[in-house]
Amino acid sequence: MITPTEHPLSPDQMAKIDLILESHDYDPTQIVGILLEVQDLEPLHYVPEPTAYYVAEKLAMRVTNVFDILCFYDQLSDKPRARYPIQVCGSIACRVNDSEQLAETLKRLLGIDYGETTYDGRFTLERITCFGACDRAPAVRINGHVYDHLDTEEKITALLRSLR
């Protein structure tokens, strides 16, 4: 376990995080936006434990609150993910628009299930509550970008191939 003043972060990492915190005026009420930006610094799209401690200390927050937020919001993660985390909406509106067929096709093409990562570390498949693209379903969100109208295997395959 890391103590509050012990951070195995490089000076460069701390400087980048400090810039993000500064752009949010060190305002703890903006923690979700801060964590989204901090997570974007990581190639594996997550907030590592040392980073969470550093952010908590800088914002004078309890680190448990930071981890609660990381676990609550679908777009945030405290665990490493693939280069391309594929988020499939599980809401009723999207299920009516064939998100289940999209999910089954992704599982088959990638050879993984929800919560798993492909052998090469390129894709993680995640089921989330909603990302607000009901009118564009079936859709997925990958690294913050929504790819929509994925209603054929050909479209899904083309998307996966485009993500190199």
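The values are calculated or read from the model by the stated rules, or taken from the named source; none is laboratory data. Computed from a predicted model, the values in this text were never measured in an experiment. Using ideal geometry, Cβ is built from the backbone for each residue, glycine included, and neighbour counts are taken over all protein chains shown.
A compact table of results
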| read-out | value |
| --- | --- |
| Single match in E104, E57, E126, E116 (criterion: farther than 26 Å from I20 by Cα, over 19 Å from the mean Cα position of the chain (by Cα) and either of a type in the set (D, E) or in the same structural domain as L35 (by TED's automatic domain parsing) (or both)) | E104 |
| Matching residues, the stretch 122-135, being surrounded by 15 or more Cβ atoms within 10 Å (Cβ to Cβ) and in a helix (DSSP H, G or I) | C134 |
| Selected residue (criterion: nearest to A139 (Cα to Cα)) from residues of the stretch 91-121 that are small (G, A, S) and part of a loop (DSSP other than H, G, I, E, B) | S91 |
| Number of the condition not met by A56 [criteria: (1) touching a Pro at 6+ places or on another chain (Cβ under 9 Å); (2) outside any helix (DSSP H, G or I); (3) surrounded by 13 or more Cβ atoms within 10 Å (Cβ to Cβ)] | (2) |
| Matching residues, the stretch 109-152, being in contact with an Asp or Glu (Cβ under 9 Å, 6 or more places away or on another chain), without any contact (Cβ under 8 Å) to a residue 40 or more places away in the chain and more than 14 Å from R81 (Cα to Cα) | D135, R136, D148 |
| Positions within the stretch 77-115 being surrounded by fewer than 20 Cβ atoms within 10 Å (Cβ to Cβ), closer than 15 Å to T129 by Cα and in contact with a Leu (Cβ under 6 Å, 6 or more places away or on another chain), in sequence order | Y114 |
| Test: residue in the stretch 29-39 that is at pLDDT 95 or above, surrounded by fewer than 19 Cβ atoms within 10 Å (Cβ to Cβ) and outside any helix (DSSP H, G or I) | no |
| Meets criteria (among the β-branched types (V, I, T) and within 18 Å of L125 (Cβ to Cβ)) for T51 | no |
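So that you can scan it fast, the table gives a plain yes or no per residue for (1) over 19 Å from the mean Cα position of the chain (by Cα); (2) within 15 Å of L59 (Cβ to Cβ); (3) at pLDDT 95 or above:
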residue: M1; (1), (2), (3): yes, no, no
residue: H7; (1), (2), (3): yes, yes, no
residue: S10; (1), (2), (3): yes, no, no
residue: I17; (1), (2), (3): no, yes, yes
residue: E22; (1), (2), (3): yes, yes, yes
residue: D25; (1), (2), (3): yes, yes, yes
residue: H45; (1), (2), (3): no, no, no
